[in-house]
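Everything on this sheet refers to the single structure shown next.
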Amino acid sequence: MSPWHFNGRYRKSAHTLIVIATMLTASCQSAPVSENAAISSSLTQAALAAERTNDYSTAINQYQKLLTRDPENIDVLIGLARNLRYSGDSINAVKILEKLGPAEEAPVVFRLELAKSKIAAGKAKAAIKQLKLALGDEPKNWQIHSTLGIAHDLNEDFASARDAYEQARALSEDNPAVLNNMALSAALSGDIDRAITLLESAPRLARHSPQIRQNLAFFYGIKGDMKSAGSLARMDLDEEQVRTNLSIYSRFHKKQF
């Protein structure tokens, strides 16, 4: 919402006439600017629409065009890196961010995307450095704490990961993304019971998430409760996929017990 507020009344004054005259003059003189803005807006909408439908190659193409038009635009740079990461090209996402992004005094959104790209590229320790810098600017940002937990998990520092997730949970209670990450972390550390408890106790809205349902099915499978695992799996998958998953769960169960 704009920080400007209007009361809805027009005053007949010299000031109003000046404003109107200025607007008319500007519209005559800035046609190229308006045309450029319209093109950028169209490219942005196309990029966002493609991203929403998981068409990452198209989104990348649109963001590359936008970056050519406006190379200093941090939001465009982040959008390009995010879609590269989603497409599985995290190494190039990191390279682009480090090459074109600010070297110092980077905004939190930039550091967060750089950290996520580094995590996806297998550079957890480097991601932790970026996330700690981001926390210095926004210590109450739950996304930073949650992402830090993922980085610690990949670094096999499960105690630090748990602390980071608890911070995220305190800042964003019952957040399904945080609960899901906490459960995965518990499973990685070998505490399957805690992983199951975390997802079973998730609020009803969170349990509507297919990702949470299928992760819970996976944890049940590791425990050997194939009946519960199968029931959850069938809520989102067809029968062939369910059988495949149950077979995978069974193999994990045999390795665990």
**Message:** Explain nothing, just compute: Karplus ³J(HN,Hα) = 6.51 cos²θ - 1.76 cosθ + 1.60, θ = phi - 60°, for every residue of segment 217-230 in order, whole Hz, x for Gly and Pro.
**Reply:** 4, 4, 5, 4, x, 4, 6, x, 8, 5, 5, 5, 4, x
**Fill in**
Note on segment 38-101: alpha-carbon gyration tensor, axes a ≥ b ≥ c; rule is a/c under 1.5 for rounded, else prolate if a/b larger than b/c, else oblate; result oblate
**Request:** Could you list Thr44, Thr68 in order of exposure, starting from the residue whose Cβ has the fewest other Cβ atoms within 10 Å?
**Result:** Thr68, Thr44
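Counting other beta carbons within 10 Å of each Cβ, put Val109, Val94 in order, fewest first. Let's see the in-between values first.
Details: Val109 15, Val94 25.
By the 10 Å Cβ count, ascending, the order reads Val109, Val94.
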**Request:** For Asp157, enumerate residues with amide H under 5 Å from its amide H, sequence gap 5+ or separate chain, H modeled in the peptide plane.
**Result:** none
**Message:** Using DSSP to call loops (not H, G, I, E or B), can you name the GluC sites (Glu not before Pro) in segment 158-253 whose Cβ has at most 13 other Cβ atoms within 10 angstrom?
**Reply:** Glu173
**Asked** Got a sec? Which residues in segment 52-67 would a label at Ile39 touch, if it sits 7 Å along Cα→Cβ and we count backbone N under 13 Å?
**Response** 65-67
**Prompt:** Just how far, in whole angstrom, is segment 55-82 from segment 157-178 if you go by their alpha carbon centroids?
**Reply:** 31 Å
**Message:** Sort Tyr165, Tyr249 by Cβ crowding within 10 Å, fewest neighbours at the top.
**Reply:** Tyr249, Tyr165
**Prompt:** Which whole-number percent is the relative contact order of segment 54-120 (Cα, under 8 Å, 6+ apart)?
**Reply:** 31 percent
**Message:** I'd like the Karplus ³J(HN,Hα) series for segment 105-112: coefficients 6.51, -1.76, 1.60, θ = phi - 60°, whole numbers in Hz, and an x wherever there's a Gly or Pro.
**Reply:** 6, 6, x, 4, 4, 5, 4, 5
**Request:** Pull up all non-local amide H partners of Ser172: gap of 5 or more, or a different chain, and H-to-H distance under 5 Å with H placed in the peptide plane.
**Result:** none
**Message:** Quick check on my link table: of Lys132/Lys223; Lys125/Lys254; Lys95/Lys129; Lys116/Lys254; Lys227/Lys254, which ones sit more than 25 Å apart, alpha carbon to alpha carbon?
**Reply:** Lys132/Lys223; Lys125/Lys254; Lys116/Lys254
**Fill in**
Scalar couplings 3J(HN,Hα) for segment 149-165 by Karplus 6.51 cos²θ - 1.76 cosθ + 1.60 (θ = phi - 60°), nearest whole Hz, x for Gly and Pro, are x, 4, 4, 5, 4, 5, 8, 6, 9, 5, 5, 5, 4, 4, 4, 5, 5
**Asked** Quick one: if you stick a label point 7 Å off each Cα along the C-beta vector at Asn73 and Phe252, how many nm between them?
**Response** 4.1 nm
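Computed from the coordinates by the stated procedures, all read-outs in this text should not be read as laboratory data. Keep in mind it's a predicted model, so treat the numbers as computed, not measured. Cβ: placed from backbone, ideal geometry, glycine included. Neighbour counts: every protein chain shown.
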